[in-house]
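For reference, the structure is listed below as structure tokens.
The values are calculated or read from the model by the stated rules, or taken from the named source; none is laboratory data. Here the structure is a predicted model, which is why all the values come from computation and not from measurement. Accessible surface is based on the protein model in full, side chains and every heavy atom, while ligands, DNA and RNA are left aside. Shrake-Rupley method; radii C 1.70, N 1.55, O 1.52, S 1.80 Å.
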Amino acid sequence: MKRRALVMALLLSAASTTLAIAQSDLKQPSSSDRYVPRLGDIMSAAQRQHQKLWLAATAQNWELATYELGQLESSLAEAAMMYSGIPVSNVTTLKDPLQSVSDAIAAKDGRKFAKAYASLTEGCNSCHTSMGRSFIAIRVPTGPQPFGNQLFPPQRKP
Ligand code: HEC
């Protein structure tokens, strides 16, 4: 229950409430045939959303940036809800950077956005590091090429 409450707090941050698209119109599968996505798949979606968020904001398409931020938040919340091995605190520490990104988008402020986005990206990596996944190194995207927000050379162990 506690876990759910914390994760819901993340989901219900101001950023995601700006985008209350009618998800409820989509039928939920019945509990017996519910497909649980693999964590790596949720994260791969998060990677795409993280990159598109940057690309949208640098193109000053704030509407698209708002959308991608909402998608990213949902992926992170989903990961935390479905995978109890992920420490909730690793997710909730992202609340502040997510809020700052949301504020920067609302203000259409590219400089504030860049700063907030950098700390969000640090948040991705600190969870990876704390979970023995420091080899999954996320960075501020270098451009629109696929995986432009990931570093592939070996990373120094923390
Ligand atoms: C709360 C912890 C946590 C946070 C926050 C987190 N991740 Fe992850 N991520 C993981 C774990 C754990 C894995 C490894 C999953 C596995 O071993 O199957 C992972 C895996 C990944 C992968 C590898 C997917 C693949 O299969 O190639 C990518 C890419 C990734 N994360 C991107 C991100 C991005 C981008 C962010 C930030 C927006 C982020 N992650 C935030 C825990 C986290």
*At a 1.4 Å probe, what is the % contribution of carbon and sulfur to the accessible area of the range 99-145?*
55
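Put Leu6, Leu94 in order of accessible area, largest first, 1.4 Å probe: what do you get? Mind dumping the intermediate values first?
On the way: Leu6 70, Leu94 15 Å².
Final ranking, largest accessible area leading: Leu6, Leu94.
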*the range 95-158 - Rg and Dmax from Cα coordinates, angstrom*: 13.0, 38
*In terms of modelled amide H atoms, which long-range or inter-chain residues lie less than 5 Å from the amide H of Ala137?*
Leu151
*What list of ³J(HN,Hα) values in whole Hz, one per residue of the range 68-77 in order, does the Karplus curve 6.51 cos²θ - 1.76 cosθ + 1.60 (θ = phi - 60°) give from phi, with Gly and Pro shown as x?*
5, 4, x, 4, 5, 4, 5, 4, 5, 5
*Could you give the length gained on full extension between Asp103 and Asn61, defined as 0.36 nm per residue of separation minus the Cα-Cα distance, in nm?*
13.6 nm
